[in-house]
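The structure appears right after this line, and notes come after that.
The values are calculated or read from the model by the stated rules, or taken from the named source; none is laboratory data. If you're wondering where the values come from, they're calculated on a predicted model, not measured in any experiment. All Cβ positions, even for glycine, are placed from backbone atoms using ideal geometry, and neighbour counts span all protein chains on display.
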Amino acid sequence: MVVNKKTSSFSSSNNQNHRRRRRPVIQTYMSDSIKKPESRVDSFKSTAPTQQIKKVGSVSRRGNTKNKTHSNSSKRKTNTRTVQKRNGEQVNKKREIPIHPAGDNIRIIPLGGVEEIGKNMYIMEYQDDIIVMDCGFAFKSEETPGVDYILPNTEYLEKRKEKIKGVIITHGHLDHIGGLPYVMHRIGNPPVYSRNLTTIMIQKKYEEFKDLEPLDLRVVENDSRISLGKLKVKFFGVTHTIPDSMGVIIETPFGSIVNPGDFKLSHVDGKPIDEEEDAYKVFDTEKVLFLMSDSTNVENPGFSTPEHVVKEGLDKVIKETKTRLIIGTFASQMERMIGIINSIEKYNKKLAVEGRSMKINIEIAKLAGILSMKPDTLIPSEDIEKYPPDRVVVLATGAQGEEFAALMRMASKNHKYIKMSERDTVLLSSSVIPGNENSVQKLKDNIARNGAKIIHYRTSEIFIHGSGHGNREEIKWLHKKIKPKFFMPIHGTHYMLRMHAQLAEELGMPKENIVVPDNGTIVEIQDGGNKLVRLDLQAPSDIVAVDGFSIGNMQDVVIRDRQLLSEDGIFIIVVALNTRTGKLRKSPDIISRGFVYLRESQNLLQESRVLIKKTVEDATRSMNPVNFDIIKAEITDQVRKFLLQKTDKKPVVLPVILGI
Ligand SMILES: [Zn+2]
Ligand SMILES: [Zn+2]
């Protein structure tokens, strides 16, 4: 259960034939700063930090990476100049990051995952080799309204593509694999190593992106040993909520670098079971130089609820429920999903599945050979009414109260086939992710309004949910087991990382051997493995967002506008201007959304119109020809001040001038 032992389908011997599928356009073994002659337009393509200029490069789901660098050439030239100018400024401001760590120094950089739960990506660099661990994405946050996903900033890697010997993926959750389709072609598409199920999940994800270069996927297992460049790497199985999760051990001359990935422990009353002891046995003899590990649940005391206890709890509910049962859980909790399906079959019930991610993950589990189902267990939702209610279990996504997910639609009676009623029991087998409290409450209210019975983990005496991440005592166990010389907490917000660092100190580690990083922090182990140093220099870490079809560093101004729009709305002014006389052809039109209720603000509008007219006519008085940009800036300025004065709000003011 803990360790899915499978025969090794990959061994180090075929490591030699690393095919580098794509050569970077130009040599990237050079200093970070770009000191190329201005005429070298192509320098823009691969070494310039293109994202800083604007969102460039697009990966459409319908697939299209080709137009990335082939925009029309005049546009490219302009960009080149800007890039170089900006770089000139940058070089003056910042010192450059040396392309290689000096001598025997080992460099470790979290590119993402240490200021949030999400977008995990960690790199280890030694001499000519870079090994990447995980490549996730994060969902949008309050600071980045309107974008789809946030990616780790990979600029550091893009400049060192040729050094990258492999990307190791610890497990199939989106905060560890979600970034791959957006990132891999930017870093030279190196081989990707992961276990069987993870590999299948990555393949599935890639099916959404038809035109992307195929990945060079290589399956490893717990007992595989591989060579990546001059470095030897081995793995160990860990328990998480998805099968085939693994930890990584990278050997260096001074001891090994260890990253267990997301983990919890299977235990009985706080005593890890034998399989766990077995999986970690390798550390009895391993000299561990550096550990980076999961901080998610460091604040929770004791041990987490092991999955086998959750499985028993759910089994009991499935057995005893005499009504139709609707179970809301995460599709990512694959172990639990499989357990639920097994119980459904055990009690001869039928299963209906609602939610795309749940359907996909059932398919993946079958493909990976970890789930087998009788052919008649699964029924389409439209047939539900054909079975007695106590014979049917619905497995649905949306336990976080997501507005358009299956559960919410059932609860608000918007679902085509399943409408909740007092004859239903709804079981929410998930915790509330911080930030989702309101939407979960709304979901529960809607369910309750239907008269359905709700079983949630807080109210249930039986265990129906356990987190996928170890609690404080499990984290302690890991530290004692692995006995690292140096330590860096990862996978968490800054506060969680601090708590984890404190815990390491409590366990006896000297403060100077611990580093609490930010995204982009460069950590070096120097002096032949004797000193832990946090460099002053940082790898680029500005936000990279997937926004519709484009990817790039979100320009602050776009994000700021969206924040303003969401808070104070928008105020659009349309002015029809006689460009000859500089007079308005008619009174300005005003359109506003999310700012004030227009019907009740006629005075405000009237005063605004007068102000706009005066502003435009004052501005154009001595202007020949009329300069639209200056007039727009004037209008924006005056109207903004006026609205702030009158309403104490700062809507986005957007003037449009029609020259007639
Ligand atoms: Zn995970
Ligand atoms: Zn994770």
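Hey, among the residues in the range 314-331 that are in contact with an Asp or Glu (Cβ under 9 Å, 6 or more places away or on another chain) and not β-branched (Val, Ile, Thr), which one's nearest to Ile433 (Cα to Cα)?
Leu325
Under the condition of being within 16 Å of ligand 1 (Cβ to nearest atom) and of a type in the set (A, V, I, L, M, F, W, C), which residue from the range 171-199 is surrounded by the most Cβ atoms within 10 Å (Cβ to Cβ)?
Ile177
Within the bounds of the range 312-332, is there any residue that is at pLDDT below 95, among the aromatic types (Phe, Trp, Tyr), crowded, with 17+ Cβ neighbours inside 10 Å and within 16 Å of ligand 2 (Cβ to nearest atom)?
So far as the range 312-332 goes, yes, one or more of its residues are at pLDDT below 95, among the aromatic types (Phe, Trp, Tyr), crowded, with 17+ Cβ neighbours inside 10 Å and within 16 Å of ligand 2 (Cβ to nearest atom).
Return the pair list, or none, for Cβ contacts closer than 7 Å from residues in the range 246-270 that are touching a residue at least 40 places away in the same chain (Cβ under 8 Å) and away from ligand 2 (no atom under 16 Å from the Cβ) to residues that are in a strand (DSSP E or B) and of a type in the set (Gly, Ala, Ser), at least 6 apart or on different chains.
Correct list of pairs: Ile250/Ser256; Val258/Gly247.
Read through the list (1) assigned to a helix (DSSP H, G or I); (2) touching a residue at least 40 places away in the same chain (Cβ under 8 Å); (3) under 30 Å from Glu221 (Cβ atoms), then give the number of the only condition that Leu407 fails.
If we test Leu407 against (1) assigned to a helix (DSSP H, G or I); (2) touching a residue at least 40 places away in the same chain (Cβ under 8 Å); (3) under 30 Å from Glu221 (Cβ atoms), just (3) comes out false.
Would you confirm whether or not the range 203-226 contains a residue that is within 16 Å of ligand 1 (Cβ to nearest atom) and either crowded, with 24+ Cβ neighbours inside 10 Å or within 26 Å of Tyr156 (Cβ to Cβ) (or both)?
Yes, because at least one residue in the range 203-226 is within 16 Å of ligand 1 (Cβ to nearest atom) and either crowded, with 24+ Cβ neighbours inside 10 Å or within 26 Å of Tyr156 (Cβ to Cβ) (or both).
Taking the conditions exactly as written (more than 17 Å from Val258 (Cβ to Cβ) and either touching a Lys or Arg at 6+ places or on another chain (Cβ under 7 Å) or assigned by TED's automatic domain parsing to the domain that holds Ile318 (or both)), does Ile447 satisfy them or not?
yes
Here is a list: Lys453, Lys359, Lys413. Which entry is without any contact (Cβ under 8 Å) to a residue 24 or more places away in the chain and surrounded by 13 or more Cβ atoms within 10 Å (Cβ to Cβ)?
Selected residue: Lys359, the only one of Lys453, Lys359, Lys413 that is without any contact (Cβ under 8 Å) to a residue 24 or more places away in the chain and surrounded by 13 or more Cβ atoms within 10 Å (Cβ to Cβ).
Going through the range 329-363 one residue at a time, which ones are more than 15 Å from ligand 1 (Cβ to nearest atom) and among the β-branched types (Val, Ile, Thr)?
Ile338, Ile340, Ile341, Ile344, Val353, Ile360, Ile362
Is it the case that the range 353-374 has a residue that's touching a Gly at 6+ places or on another chain (Cβ under 6 Å) and either closer than 27 Å to Thr305 by Cα or assigned by TED's automatic domain parsing to the domain that holds Ala452 (or both)?
No, the range 353-374 contains no residue that is touching a Gly at 6+ places or on another chain (Cβ under 6 Å) and either closer than 27 Å to Thr305 by Cα or assigned by TED's automatic domain parsing to the domain that holds Ala452 (or both).
Considering the range 127-141 alone, what residues qualify as being buried (at least 24 other Cβ atoms within 10 Å of the Cβ) and in a strand (DSSP E or B)?
Ile130, Ile131, Val132, Met133, Ala138 - these are the residues of the range 127-141 that are buried (at least 24 other Cβ atoms within 10 Å of the Cβ) and in a strand (DSSP E or B).
Taking the conditions exactly as written (touching a Phe, Trp or Tyr at 6+ places or on another chain (Cβ under 7 Å) and either of a type in the set (Ser, Thr, Tyr) or at pLDDT 90 or above (or both)), does Ser431 satisfy them or not?
yes
Out of (1) more than 15 Å from Ser357 (Cβ to Cβ); (2) modelled with pLDDT of 90 or more, what's the single condition that is false for Ala396?
(1)
Can you tell me which residue within the range 111-126, out of those that are crowded, with 23+ Cβ neighbours inside 10 Å, in contact (Cβ under 8 Å) with a residue 60 or more places away in the chain and away from ligand 2 (no atom under 13 Å from the Cβ), is nearest to Ser295 (Cα to Cα)?
That would be Leu111.
Looking at Lys483, is it at pLDDT 95 or above, on the phi > 0 side of the Ramachandran plot and of a type in the set (Lys, Arg)?
yes
Quick check: is even one residue across the range 328-340 in contact (Cβ under 8 Å) with a residue 60 or more places away in the chain, of a type in the set (Phe, Trp, Tyr) and not in a helix (DSSP H, G or I)?
yes
May I ask you to verify whether Tyr182 is farther than 23 Å from Val546 by Cα and touching a strand residue (DSSP E or B) at 6+ places or on another chain (Cβ under 6 Å)?
No; evaluated as a whole, the condition is false for this residue.
Looking at the range 276-297, I want the residues that are assigned by TED's automatic domain parsing to the domain that holds Val238 and under 17 Å from Asn471 (Cα atoms) and have a partner that is of a type in the set (A, V, I, L, M, F, W, C) and at pLDDT below 95 with Cβ atoms under 6 Å, at least 6 apart or on another chain. Which pairs are those?
Close Cβ pairs satisfying both conditions: Glu276/Val2.
Results for (1) assigned by TED's automatic domain parsing to the domain that holds Val596; (2) on the phi < 0 side of the Ramachandran plot; (3) surrounded by fewer than 15 Cβ atoms within 10 Å (Cβ to Cβ), shown as yes or no for each residue.
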site	(1), (2), (3)
Ser622	yes, yes, yes
Phe628	yes, yes, no
Ile631	yes, yes, no
Arg640	yes, yes, no
Leu644	yes, yes, yes
Asp648	yes, no, yes
Leu654	yes, yes, no
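Show the residue pairs meeting these rules: Cβ distance below 7 Å; 6+ apart or different chains; first residue within the range 463-476 and farther than 11 Å from Leu265 by Cβ; second residue within 16 Å of ligand 2 (Cβ to nearest atom) and among the hydrophobic types (A, V, I, L, M, F, W, C).
Arg472/Val298
So which pairs qualify, if the first residue must be in the range 166-179 and outside the structural domain of Pro152 (by TED's automatic domain parsing), the second must be near ligand 1 (Cβ under 8 Å from one of its atoms) and of a type in the set (Lys, Arg), the Cβ gap must be under 9 Å, and the two must be at least 6 apart or on different chains?
Final answer for the pair search is none.
Return the residues of the range 636-660 that are of a type outside the set (Gly, Ala, Ser), in contact with a Leu (Cβ under 9 Å, 6 or more places away or on another chain) and within 13 Å of Val575 (Cβ to Cβ); say none if nothing qualifies.
Result: Thr636, Gln638, Val639, Val653, Ile657, Leu658, Ile660.
Search the range 267-298 for residues being assigned to a loop (DSSP other than H, G, I, E, B) and in contact with a helix residue (DSSP H, G or I) (Cβ under 6 Å, 6 or more places away or on another chain), and hand back the single one that is nearest to ligand 1 (Cβ to nearest atom).
If we take residues in the range 267-298 being assigned to a loop (DSSP other than H, G, I, E, B) and in contact with a helix residue (DSSP H, G or I) (Cβ under 6 Å, 6 or more places away or on another chain), then Ser295 is nearest to ligand 1 (Cβ to nearest atom).
Taking His173 as meeting all but one of (1) within 10 Å of the chain's Cα centre (by Cα); (2) within 16 Å of ligand 2 (Cβ to nearest atom); (3) closer than 30 Å to Asp561 by Cα, write down the number of the exception.
(3)
In the set Ile168, Ile242, which member is surrounded by 21 or more Cβ atoms within 10 Å (Cβ to Cβ), within 16 Å of ligand 2 (Cβ to nearest atom), over 20 Å from Lys359 (Cα atoms) and hydrophobic (A, V, I, L, M, F, W, C)?
Ile168
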